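S.K.: Dumping the structure here so I can ask a few things about it.
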Amino acid sequence: MIKKKKKLFIVGSGITGLSAALIAIKKNISAEIFETGPIAGGIIKDTIVNDQNYLTGCQYLSKNSFWYDHVPKKIKNLLKETKVIYSTYCDLFNNKNKCLDNYPDLFLDKKIKIKSLKYKKPNSLMDRCLLYPTPISKILLNWIKRFDLKSNKLMQDSNRNGLMFSRIFLKKNLEITNLKKKSKIFDDLYGTPRLKKNNLEGLLPKYGYNKFFGEFLKYLEKNKIKIHLKTPVIPIWKKNKISLKIRGKIFKPNYVLWTGNPVSLIKNYNSQMLDSVNFKIRILTFKVIGNIKEDFYVQVFTKKSSILRLFFYIKDKKKYCSVECFNEKEDIKKIKKMINKILFSLKIKISLEDKQKSDIIQKRYSLLSVKDYKILKNFKKRVSRSNLIPSPWEYSSSQKKLMLLKSSMKRVI
């Protein structure tokens, strides 16, 4: 008797969903991918203006992931290995206007009085910020407000998951060094200058992510993975088992891997609504005039501009700058003036073209509220014996998601 193949439906066509399809191929599982939008790629798909495509902010893939070992050379050749040099520009605490290399976090170049702490695990991002001395916490909370977010409702680790800072780096001194050794909370709150320089190692597309994901889909289709674009799905729960309503028909696969936004999934299960915490980022793209030898980015913490991050990259032998900003509708001329100031601090002699290539607003869902965390945790527990494979929605890092996905897929195998 011929054993029937298990059937897996994958909802969402970002790198997580496509990686799951690779596992299905390897384990001889029948799989289909469903994507609401017209193209694959999720949040990292390109911005297209006048038939030209640009990277949507600083989005890179990791080479140290299982998907990279299982795609053919043709797809790998669409990517370039890069060691992204990074720096930080910070004037939030009235620091001198300069960039520091190798600091992906806030820094303070003045002496402050460090208050003694009794370890108490913070429940929210506000709790965490209030562990700092008032001169730091007040400025930090005001900066976070510019995202239109309420820090008392966000998970305490939102600082690194989405808001792009981990610690406050202080001038090296014996007091801080000793406190970091003695206290876990001090070690988490403060940093001291690093001796070793670490660059981000990743993969960037030579011709844009849309071409990369397009070829990825072709490879999956050649390996009998069915792809359905422009195809919304509706989850239907019955006796702790999920089916999918697709274009008016009900399908009952053995397993469903839901990698997209889980709002409708959970609402259809127990009528609970997620806060679906998102923040809006304005992303501008400029063509760069001058020589860029390597990709580099600058994390920006400033009161003087809406700029959050600058990413300088080379694509298709052309040089671009992607500028991520608060959604504050700041004048382009003022933004360019601030960029020139930062480049001057870095001693980099390049400039930007006068007119931007693109100017878009992107919603990001990389933050989690305290309420949502509890709902997700409870939901995953309740459906642990169902045919649903939950995605690691609570993590913003694609690398972390892929690590956990591989473990979750063992249920199918």
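S.K.: Within the stretch 13-34, which residues are β-branched (V, I, T) and surrounded by fewer than 24 Cβ atoms within 10 Å (Cβ to Cβ)? So that I can check it myself, show each step before the final result.
M.R.: Within the stretch 13-34, the first condition is being β-branched (V, I, T), and the residues that meet it are 15-16, 23, 25, 29, 33.
Of everything in the stretch 13-34, those that are β-branched (V, I, T) and surrounded by fewer than 24 Cβ atoms within 10 Å (Cβ to Cβ) turn out to be T16, I23, I25, I29.
S.K.: Which members of the stretch 67-99 meet the condition of being surrounded by fewer than 18 Cβ atoms within 10 Å (Cβ to Cβ), closer than 30 Å to D316 by Cα and modelled with pLDDT under 85?
M.R.: K83
S.K.: Between a residue in the stretch 124-140 that is more than 20 Å from V277 (Cα to Cα) and without any contact (Cβ under 8 Å) to a residue 40 or more places away in the chain and any residue that is part of a helix (DSSP H, G or I) and of a type in the set (K, R), which pairs come within a Cβ distance under 9 Å, given they are 6 or more apart or on different chains?
M.R.: none
S.K.: Show the residue pairs that are 6+ apart or on different chains and have beta-carbon atoms under 9 Å apart, the first residue being within the stretch 367-393 and farther than 24 Å from L8 by Cα and open to solvent by 30 Å² or more (accessible area, probe 1.4 Å), the second being in a strand (DSSP E or B) and hydroxyl-bearing (S, T, Y).
M.R.: V370/S124
S.K.: Just give me the residues in the stretch 264-286 being assigned to a strand (DSSP E or B), open to solvent by 10 Å² or more (accessible area, probe 1.4 Å) and modelled with pLDDT under 95, in sequence order. Before you say what the answer is, go through the steps one by one.
M.R.: As a first pass, look at the stretch 264-286 and keep what is assigned to a strand (DSSP E or B): 279-286.
Within this subset, residues satisfying the condition of being open to solvent by 10 Å² or more (accessible area, probe 1.4 Å) are 280, 282.
The answer is K280, and nothing else.
S.K.: Something else about it: If we only count helices (runs of 4 or more DSSP H) wholly inside the stretch 125-209, which ones have 2 or more residues that are more than 20 Å from D91 (Cα to Cα) and aliphatic (A, V, I, L, M)?
M.R.: On the way: elements: 125-129, 134-145, 174-182, 184-189.
The qualifying helices (runs of 4 or more DSSP H) are 125-129, 174-182.
S.K.: Determine whether the stretch 37-44 contains at least one residue that is at pLDDT 90 or above and more than 23 Å from H228 (Cα to Cα).
M.R.: No, the stretch 37-44 contains no residue that is at pLDDT 90 or above and more than 23 Å from H228 (Cα to Cα).
S.K.: Restricting attention to the stretch 246-263, and to residues there that are in a loop (DSSP other than H, G, I, E, B) and touching a residue at least 60 places away in the same chain (Cβ under 8 Å), which single residue is surrounded by the fewest Cβ atoms within 10 Å (Cβ to Cβ)? Even if it seems obvious, please write down each step before you answer.
M.R.: Within the stretch 246-263, the subset in a loop (DSSP other than H, G, I, E, B) is 247-248, 252-254, 259-262.
Applying the additional criterion that residues be touching a residue at least 60 places away in the same chain (Cβ under 8 Å) yields 253-254, 259-262.
Numbers: P253: 18, N254: 14, T259: 25, G260: 21, N261: 16, P262: 23.
My answer is N254.
The values are calculated or read from the model by the stated rules, or taken from the named source; none is laboratory data. Since we're looking at a predicted model, the values are computed, not measured. Note: ideal-geometry Cβ built from the backbone for every residue, glycine included; neighbour counts use all protein chains shown. The protein model used for the area step is the full one, side chains on, heavy atoms only, and it has no ligands, DNA or RNA in it. Shrake-Rupley method; radii C 1.70, N 1.55, O 1.52, S 1.80 Å.
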